[in-house]
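The values are calculated or read from the model by the stated rules, or taken from the named source; none is laboratory data. As the structure is a computational prediction, the values presented were derived from the model and not from experiment. Glycine also receives a Cβ, built like all others from the backbone with ideal geometry; neighbour counts cover every protein chain displayed. The area values use the complete protein model at the heavy-atom level, side chains included, leaving out ligands, DNA and RNA. Shrake-Rupley method; radii C 1.70, N 1.55, O 1.52, S 1.80 Å.
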Amino acid sequence: QVQLVESGGGLVQPGGSLRLSCAASGSIFTINTMGWYRQAPGKERELVATLTNPGTPEYADSVKGRFTISRDNTKNTVSLQMNSLKPEDTAVYYCHADGWHAYWGQGTQVTVSS
């Protein structure tokens, strides 16, 4: 089993920045890919960014150039730096880990509003 705990969500004005972090614990050796998904009210959950170890980050077109995913394998964490935030980025953001099985964090709310 793998446990994922997110932190860093909140309320930010348009154009602002937030940094999300996700700490993984448990059977870390079974994880290959870590990343972030989001789900806005009334919409399906969608991929934001993923990073395979080793590998090249993948981003949704809507966040390319604004969001950056990074991973620290020594601390078993994955982070998402979000810049130039827009109201349409408002959603619950979920940390995701994949390998032998798929795991999800509990989600953290990001609200972009003036």
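Which is the longest part of the chain that has none of the trypsin sites (Lys or Arg not before Pro) sitting in a DSSP loop with at most 13 other Cβ atoms within 10 Å?
Counting at most 13 other Cβ atoms within 10 Å as exposed, the longest clean stretch of the chain is 1-42.
Restricting to bridges with both residues inside the chain, how much of the DSSP beta-bridge set is antiparallel, in percent to the nearest 5?
95 percent
How large is the charge dipole for the chain, taken about the Cα centre, if only the Cβ atoms of Lys, Arg (+1) and Asp, Glu (-1) carry charge, to the nearest 20 debye?
180 debye
Accessible area per residue of the chain at 1.4 Å probe, in Å²?
53 Å²
Step by step: find N for segment 34-90, compute 2.2 N^0.38 Å, then divide the Cα radius of gyration by it. What's the final number?
Taking the Cα Rg and dividing by 2.2 N^0.38 Å, one obtains 1.16.
Could you please state how large a percent of the accessible area of segment 30-78 is carbon and sulfur, counting protein chains only and using a 1.4 Å probe?
Carbon plus sulfur share of accessible area: 46 percent.
If every alpha-carbon in the chain counts as one equal scatterer, what log10 I(q)/I(0) does Debye give at q = 0.14, 0.22, 0.24 1/Å?
-0.51, -1.22, -1.42
From Cα pairs below 8 angstrom and at least 6 apart in sequence, can you work out the relative contact order of segment 1-99, rounded to a whole percent? Write out the running numbers ahead of the final one.
Numbers: 193 pairs, mean separation 36.0, N = 99.
Result for segment 1-99 is 36 percent.
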